[in-house]
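Please read the structure below before turning to the comments.
The values are calculated or read from the model by the stated rules, or taken from the named source; none is laboratory data. Given the structure is predicted, the values throughout are model-derived calculations rather than measurements. Cβ placement follows ideal geometry from the backbone for every residue including glycine, while neighbour counts extend to all protein chains displayed.
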Amino acid sequence: MPYVIVAALAAVVTALAVPLVRVLALRIGAVDQPGGRHVHTRATPTLGGLAMLVGVGAGLLIAAQLKAFNPVYFDSTEPLAVGIAGAVICLLGAADDIWDLSAPAKVASQVLAASILWFFGVTMFWFKVPFAGIVVLAPSMLPLLTAVWVVAMTNAINLIDGLDGLAAGIVAIASIAFGIYSVHLQSLGQLPASSLGPLVASITAGVALGFLPWNFNPARIFMGDAGAMLLGLLLAAATSVVGGRTVNVSDQTFFFFAPLAIPFVILGVPMTDMVLAIVRRARHHQSVATPDTRHLHHRLREMGHGPRRAVAILWAWTAVLSAFALVPSFVPSLDAELPIAVVAAGVLLFTVFHPDLRRRSDVS
């Protein structure tokens, strides 16, 4: 219940902050115009990430007042680190939304935020490799590994943020799933009560849900790089301190055996999109930062799905992947995966053989 309370209050604060940020964006001209690679048809203010930052700050402050989170805050600078790193990456992302920074500058901002996390101890210490045991990370490796983790997460969310409500919905679903997984680990004594991960996951879910009503098609505001990079940073922080610190894992299911694998499954949609983008651009000898219109959401639009249906399909895939990761943690039986496989088959059929697509094919 404390996690639900924090998530709900973070959502409310974010939702209330959005109109103020929207007015600010309009006044300073931070408006995303239609045309080019953009699929929206009207000028839309950006900087929505600033409202999310307010929600994150509120969530951290509210949690500090609840006794349930005393172990998280007692003699620990980790919550402060998340707040500072989140503010840094969000404000630098807002600068990019306004002045269009270069790709190296954006990566530098991500590395700076990651360095803040590492400096205050928000990083992984070890991880489990299936059939190989625990790999303890050398202190000299932690700065680089933290930077790679943050850069990967932030860019995965940033690249998938191409349709109204898409990134916010995916992050909300993934954060809820990861939060449930983390709390379950705590209940089994495999994750200490002082872990920051479940709290950050709940706050991330809250700010994403609070922002979503303003961002769903037709969006009244975009999260921009400020929001996408902030959400990516929060996910990186939560997953690193859970996947890289879980102890005494003895359950027979794979995701308990290798907790660091679960972020790649739950965030399978943005991770897959990022990998495909890197491969695609490398094949054409282009910079990784070169924009294009071949992302997953663009491909769904080309298939004939409208923007809302394309978003719903990618949300559904995120939910299916989250269930695939979560269900074995609670029901260690292969039979438990059968309903998920049926749902996945249904989503696949809906994606490829939706009636509207058949009608359009018949007409052509």
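Points to keep in mind about this one:
- The condition (being assigned to a loop (DSSP other than H, G, I, E, B), under 26 Å from MET223 (Cα atoms) and in contact (Cβ under 8 Å) with a residue 60 or more places away in the chain) is satisfied by just one residue among VAL150, VAL82, VAL122, VAL56: VAL122.
- Residue that is surrounded by the fewest Cβ atoms within 10 Å (Cβ to Cβ), among those in the range 299-327 that are assigned to a loop (DSSP other than H, G, I, E, B) and in contact with a helix residue (DSSP H, G or I) (Cβ under 7 Å, 6 or more places away or on another chain): GLY304
- Among the residues of the range 291-298, at least one is assigned to a helix (DSSP H, G or I), surrounded by 15 or more Cβ atoms within 10 Å (Cβ to Cβ) and either modelled with pLDDT under 80 or touching a strand residue (DSSP E or B) at 6+ places or on another chain (Cβ under 9 Å) (or both).
- Being farther than 20 Å from TYR73 by Cα, in contact with a Leu (Cβ under 7 Å, 6 or more places away or on another chain) and in a helix (DSSP H, G or I) is a property that holds for LEU230.
- Test: residue in the range 105-123 that is in contact with a Leu (Cβ under 6 Å, 6 or more places away or on another chain) and at pLDDT below 90: yes
- Residue match in the range 134-151 (condition: in contact with a Pro (Cβ under 6 Å, 6 or more places away or on another chain) and among the aliphatic types (A, V, I, L, M)): no
- Scanning the range 59-79 for residues that are of a type in the set (A, V, I, L, M) and not in a helix (DSSP H, G or I) yields a count of 1.
- Complete set of residues in the range 67-115 that are acidic (Asp, Glu), closer than 21 Å to ALA25 by Cβ and surrounded by 15 or more Cβ atoms within 10 Å (Cβ to Cβ): ASP96, ASP97
- The C-beta contact set for the range 221-244 (first residue farther than 18 Å from ILE160 by Cβ, second residue part of a loop (DSSP other than H, G, I, E, B) and of a type outside the set (Ser, Thr, Tyr), distance under 6 angstrom, 6+ apart or interchain) comprises ALA237/VAL122; SER240/MET124; VAL241/LEU196; GLY244/MET124; GLY244/PHE125.
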